[in-house]
Each structure stands twice: as C-alpha cells, then as structure tokens.
Amino acid sequence: MSDLLHMSIQELSRVQVIQQVIKKHLKQHKAAEQLGVSVRQIKRLKKAYRQFGARGLISKKRGRPSNHQLDAQVKEHALDLLRDRYADFGPTLAHEKMTEVHHLHLGVEMVRQLMIQEGLWHPRRAKRPVVHPMRARRPRFGELVQLDGSPFDWFEGRAPACTLLVYIDDATSRIMELFFTEAETTFSYFQATEHYLTQYGKPQAFYSDKLSVFRVNLPNSVTGEGTTQFGRAMHQLEIQLICANTPQAKGRVERVNQLLQDRLVKEMRLRGISNMAAANAYAPEFIADLNARFAVVPKSPEDAHRPLLPQDDLVRILTVQELRVLSKNLTLQYDNAVYQIQTPRPTYALRKAQVVVREDQLGEITIEYKGKPLAYTIYRAPTRQAAVTPSKLIGLALTAPTLSIQKRQPYIPPVDHPWRRFNLGAKSK
C-alpha cells in the first residue's frame, strides 16, 4: 500500500501540469506561464517527478523552522523592553522607540505580533465605516489652517488636566502650533494665534468648530455686532474664519488630536515633563519630529501666508474690545464698574463721544478715543455676582474662583415681553 501524501492545492496543480508536460500534451513555456515560473524551473520539476514521483514536487521546507524566524535571545530582549517600558504603547510607537533608543531593529509587524502574544496589544475590531463626503486638501500651504482644542489629562495625573490648542495646515498635515493652556478661552486662542502669526504670517483662513469663542451661538441675540472677539480680531487681520458644521468636516485635526493623546503623552512621560510651561517649551521639538514623519508635500509650491503689515498691531488687535458712549459726566460702565474719564480739555468736548474699551489678558483696561488712550479713575469698584460659566470652563472656575471666567451675558427679553408689544400687535391684526 502506497504512503499517503499531504499536498497543498498549489502542489496538486503542479503535478497535473508536469504530467501533461511529460506526456507532451503541453509545451514547457505554456506550463511555465500557467504555474508562474520559468522554463528552467519546469525542467527541474520534470526531473524531480521522474525520479521521486509526486513526492518530488512537495516543498522541502514543510515541517522545518523558518530561516527568517527571530533569534531567541533577541526575542526575549524585545519582550523585556515591551513589558517593562512600553506596555501601554501602540505597536508603531513601540517600534520607533525600540529602534531609536535601544537600537533594536525589528519590523513593525514583528513588534505587533510580540505584543499580541504577551497580551499587551489587542487587535481592534474594525468599525462599520460611516460614509462622509470627501473633501480634497487645499493645494497651497497656509491656505486653510484647522484649529481645535483638546481637553485631556496630558500629564497622566502628574499635574492637573489642561487643554491643548492644535493648529494644523490642511494642505500638508503639518502641525503649525501646539499650545498648552488651562481652558479654551478667547485669550488662550489669542495667545496661540499670536505665536502662529509671528512665526508664519497670516494664513488665508482658519477652520474651526462652532465653539462660542469663534461664533455667536445665541439664537435670539439682539445686541452686539453679531461676531465674537476672536472673529472681530481675525476680520481686522483680514483672515477668514470658517466654522465647520460637523466634527467630521475637520477630521484632519480631530485625528491629530487622537495621535497627540497617544504619542505626545508618552513622549512627555519619558522626558519627565509635568507642567504646562515645560510642555510648551518641548512643543517645538515634538512638532519638528512629528512633521518630519507625517507631513506631506502640497500640490502647489506656493506659500499662501501673507506677511504682517505695519498696521497689524497684534498687541492691540488681540484684546477684548467693546464700544462705549461717554455720558454727560464723562463716565462709562464696563464689567460692573464705572470709569470716570480724566481730561484737561473742556468736558463738553467728549460728551456722547464713542470710545473703545480694551482689556488684555492680564485684565488691564485701556480706554481709547480716536486711537489715543484716555486717563481714567474707577468711580465704583465692581461687585461680583454668580457668573454664567460654560461647561468647558467649570474646572477653571473651581480652581480660580476669583477670576472672571466669562463676562455676564446681556439680558435678552422674551418674545412676549412688553418691549416687543409693537411687533406682537402687528402680528395679532
């Protein structure tokens, strides 16, 4: 009784083709095309079949260890590093660190398989894809810059949780600015934007979400100019401000936030960074490294950034500014305080004059008339009351209760208020 042979489908097809070649039912070059080998290899297979039969076409590697398997000592060293230092790292980042720091040159897939073997990495089940309309990248560097804030425990409990402001170029995926701050406020975006503009110039447009820093979200707003302080500043700098309708619309910066919450957190852990000042000092080095890895080349070599002009005074523009009209006594009210203007000119010259009240990040107040500052005294100290605080700023309000987190919103009368009777009477007719 003949021995039972175990053959793969590929080996079975080889037997059939070689038998046809030996019987001269098939030319050698045709057989080579069918099997995807050379004519010389067909001759070797014919010789092996005539000597050993079908057994001669079975691969000699079966049952033998691979010549490319990882050395046992190298494997154990890699597992020790993964368990001791990179247990919560992803395979790609762990591979980079093992190559750069420990000079252990393994493939990314090999590191992934080792982490799965040790239970350090669990393959994620692919989510059901959600189809969103695809938007092509802008062709020029600096044409569209996406920005977003990412509240997160960036220091893993070594310091209080904070927010990272992220600016990323749409054309190249280059990270342009990383700025750690306590919360997403107008002044924090002013500070990060000043860093950006000083280094790169003015982009064509900023692309953000519908946070109240960028957009007035009150549906019945009847006061003000219909724009936020950040929007007013960008208008003065001739930078278009665009708000996305959904998070998926600015998916590029959203994905970068996920990347930073993985890589940046671990890099700061390895360097012992435990406060915002040290993190902001390390940010340029991290940005340069990440851009070297992941940035792409734009379609157009043209840089769309524009230089800052002499009239682009960032110190003045990037402040909170509100218009006020002076009373007959040359007083105005701002943030629950009454300011008395001191001037040597006749008082009637400034009566009913329109002035600009500017407040910087330190809370210093400047009152300007036709671009020139006016001297003033505070007539009545402000009395603080319960402030209206957005949910994103509750943590900041609890840690700094004496700070004015957000100014009191103006009173908006309801639809049936007597002030609106004229409109209601017109509708009732």
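The values are calculated or read from the model by the stated rules, or taken from the named source; none is laboratory data. It should be emphasised that the depicted structure is a prediction, and the values quoted were computed from it without experimental measurement. Here the Cβ is made from the backbone with ideal geometry for all residues, glycine too, and neighbour counts use every protein chain on show.
Out of everything in the stretch 319-336 that is in a strand (DSSP E or B) and either touching a Gly at 6+ places or on another chain (Cβ under 8 Å) or of a type in the set (D, E, K, R) (or both), what residue ends up being nearest to residue 232 (Cα to Cα)? Of everything passing the filter in the stretch 319-336, 322 is nearest to residue 232 (Cα to Cα). Just so you know, in the stretch 117-153 the residues that are out of contact with any Ser or Thr (no Cβ under 6 Å at 6 or more places or on another chain) and not in a loop (DSSP other than H, G, I, E, B) include one that is surrounded by the most Cβ atoms within 10 Å (Cβ to Cβ), and it is 145. Screening the candidates 114, 82 for the property of being assigned to a helix (DSSP H, G or I), out of contact with any Lys or Arg (no Cβ under 8 Å at 6 or more places or on another chain) and farther than 30 Å from residue 250 by Cα yields one hit, 82. Listed by first and then second residue, the pairs with beta-carbon distance under 8 Å, at least 6 apart or on different chains, first residue in the stretch 74-85 and closer than 13 Å to residue 106 by Cα, second surrounded by 14 or more Cβ atoms within 10 Å (Cβ to Cβ) and among the small types (Gly, Ala, Ser), are 82/94.
Just one residue in the set 145, 108 is under 30 Å from residue 214 (Cα atoms) and modelled with pLDDT of 90 or more; that residue is 145. Counting only residues that are surrounded by fewer than 21 Cβ atoms within 10 Å (Cβ to Cβ) and not in a loop (DSSP other than H, G, I, E, B), the stretch 203-213 holds 1 of them. Only one of the listed residues (282, 339) is outside any helix (DSSP H, G or I) and among the aromatic types (Phe, Trp, Tyr). That residue is 339.
Scanning the stretch 176-199 for any residue that is modelled with pLDDT of 95 or more and assigned to a loop (DSSP other than H, G, I, E, B) turns up nothing.
Being surrounded by 11 or more Cβ atoms within 10 Å (Cβ to Cβ) and closer than 12 Å to residue 14 by Cβ is the filter here, so list the residues in the stretch 28-42 that pass it. The answer is 31, 32, 34, 35, 37, 41, 42. Of the candidates 238, 177, 194, 156, the single residue that is more than 22 Å from residue 394 (Cβ to Cβ), in contact with a helix residue (DSSP H, G or I) (Cβ under 8 Å, 6 or more places away or on another chain) and surrounded by fewer than 20 Cβ atoms within 10 Å (Cβ to Cβ) is 194.
For the structure I just gave you, tell me whether residue 104 is among the aliphatic types (A, V, I, L, M), under 30 Å from residue 267 (Cα atoms) and surrounded by 11 or more Cβ atoms within 10 Å (Cβ to Cβ). So residue 104 passes the test.
Going through (1) touching a Ser or Thr at 6+ places or on another chain (Cβ under 8 Å); (2) among the β-branched types (Val, Ile, Thr); (3) exposed (fewer than 15 other Cβ atoms within 10 Å of the Cβ); (4) farther than 30 Å from residue 252 by Cα one by one, residue 325 falls short only on (1). Number of residues in the stretch 241-266 that are free of Cβ contacts under 8 Å to residues at least 12 places away in the same chain and buried (at least 19 other Cβ atoms within 10 Å of the Cβ) equals 0. Name every residue in the stretch 161-188 that is more than 15 Å from the chain's Cα centre (by Cα) and charged (D, E, K, R), in order of residue number. Selection gives 182 alone.
Quick check: is even one residue across the stretch 43-50 surrounded by fewer than 15 Cβ atoms within 10 Å (Cβ to Cβ) and within 30 Å of residue 264 (Cα to Cα)? So far as the stretch 43-50 goes, no, none of its residues is surrounded by fewer than 15 Cβ atoms within 10 Å (Cβ to Cβ) and within 30 Å of residue 264 (Cα to Cα). May I ask you to list the residues in the stretch 342-374 that are part of a strand (DSSP E or B) and touching a Ser or Thr at 6+ places or on another chain (Cβ under 7 Å)? If the condition is that a residue be part of a strand (DSSP E or B) and touching a Ser or Thr at 6+ places or on another chain (Cβ under 7 Å), then 342, 358, 359, 373, 374 are the ones that fit.
When residue 260 is tested against (1) over 21 Å from residue 200 (Cα atoms); (2) assigned to a helix (DSSP H, G or I); (3) out of contact with any Leu (no Cβ under 9 Å at 6 or more places or on another chain), only condition (3) is not met. On inspection, residue 54 does not qualify as in contact with a Ser or Thr (Cβ under 8 Å, 6 or more places away or on another chain), farther than 28 Å from residue 109 by Cβ and among the small types (Gly, Ala, Ser).
Here residue 388 does not fit the description of being among the β-branched types (Val, Ile, Thr) and at pLDDT 90 or above.
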